[in-house]
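Working notes, structure below.
Please treat every number below as a calculation from the coordinates, not as lab data. Since we're looking at a predicted model, the values are computed, not measured. Using ideal geometry, Cβ is built from the backbone for each residue, glycine included, and neighbour counts are taken over all protein chains shown.
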Amino acid sequence: MSESPRGHGIGLQMLASGSCGNSILVSSRNYHFLIDAGLSCRELLRRLAQAGLSPGDVSAVIITHEHQDHILGVGVLSRRHKIPVYMNAATLDAARSHVGEIPTARVFVTGDALIMGDLAVQTYPVPHDASEPIGLSIRNSESRIGIALDMGYPTKLVKHRLSESNALVLEFNHEPEMLRQCQRPWEIKQRILGKTGHMSNEAALELLCGLVHDQLRTVVLAHISREANSAQHALSMVKTRLESIGRADVGVFVGDQDTIGERIEV
């Protein structure tokens, strides 16, 4: 069993982030769980191995919503590796048509707090065009991580749940003009730009600036579109704005589609 080193903080590692698959590894002491499993099971296990873990080290998977880039490998993880999968009832019903039966499903009600080892994971609703999508706030006695991936805009509740986080994982999905010029079908572009679609760089940056406080240490830019955004552009925007408000000390990381990120200690 691989253990989480260095005190009682929370380990955060992006295994994949983007339109083709998403998964985040969260670790605390000797407890590890995934947020989403949007790669094939084989690829997820390969990336877990790169993070020093085997399937037996993973105690749970929490699913934010049923879109393919968040659930692709979860059926096999459940059936073959017997890993408990936590999701609300609407997401479970919708996911079955994509990935088959999930025999280790553990159903919760959105708004519940889930206990993962020594961590409390607060679930909350987000506006996105899925059955019942959620965001997450993860905390222990020392640290707090706010996670909001796919959503069209931040509601008051979203802002409240993300507030006072020491680390934030926020969707910086697209640059609107790049989206309009890319080769995606117009109906897809309209969906992305809508209130239950995905957040633009500017919308995410505005949200981030409203969440900055003295104890914010880390920001991860997630779900960056390959066709309608530039990771370097989003990174530059965020760093420039943080510098302008006197917070150049905040570490800014970019989630990648093809490679796992470094482990971040929160």
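Below, the figures for the structure above:
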| quantity | calculated |
| --- | --- |
| The range 193-254 and the range 23-86: distance between their alpha carbon centers, rounded to Å | 26 Å |
| Label point distance in nm, Ala89-Leu193, each placed 7 Å from Cα along Cα→Cβ | 3.8 nm |
| Fully extended contour minus Cα-Cα distance, from His98 to Ile245, at 0.36 nm per residue | 48.5 nm |
| Cα-based convex hull, the chain, per residue volume (Å³, whole number) | 113 Å³ |
| Order by protection proxy (mean Cβ within 10 Å, highest first), peptides 158-168, 69-79 | 69-79, 158-168 |
| Net length gained if the chain between Glu206 and Trp186 were fully extended (0.36 nm per residue, minus Cα distance) | 4.6 nm |
| At least 18 Å along the helix axis (C-alpha) and Kyte average at least 1.0, DSSP helices within the chain | none |
| The chain, helix-only ellipticity at 222 nm - DSSP H runs n ≥ 4, -39,500 (n - 2.57), divided by all residues, nearest 500 | -8500 deg cm²/dmol |
| Karplus 3J(HN,Hα) series, Hz, for the range 15-30 with 6.51 cos²θ - 1.76 cosθ + 1.60 (x for Gly, Pro) | 7, 6, 8, x, 5, 9, x, 9, 6, 10, 9, 10, 9, 8, 6, 9 |
| Amide H contacts under 5 Å for Ala16, placed H, 5+ residues apart | Ser23 |
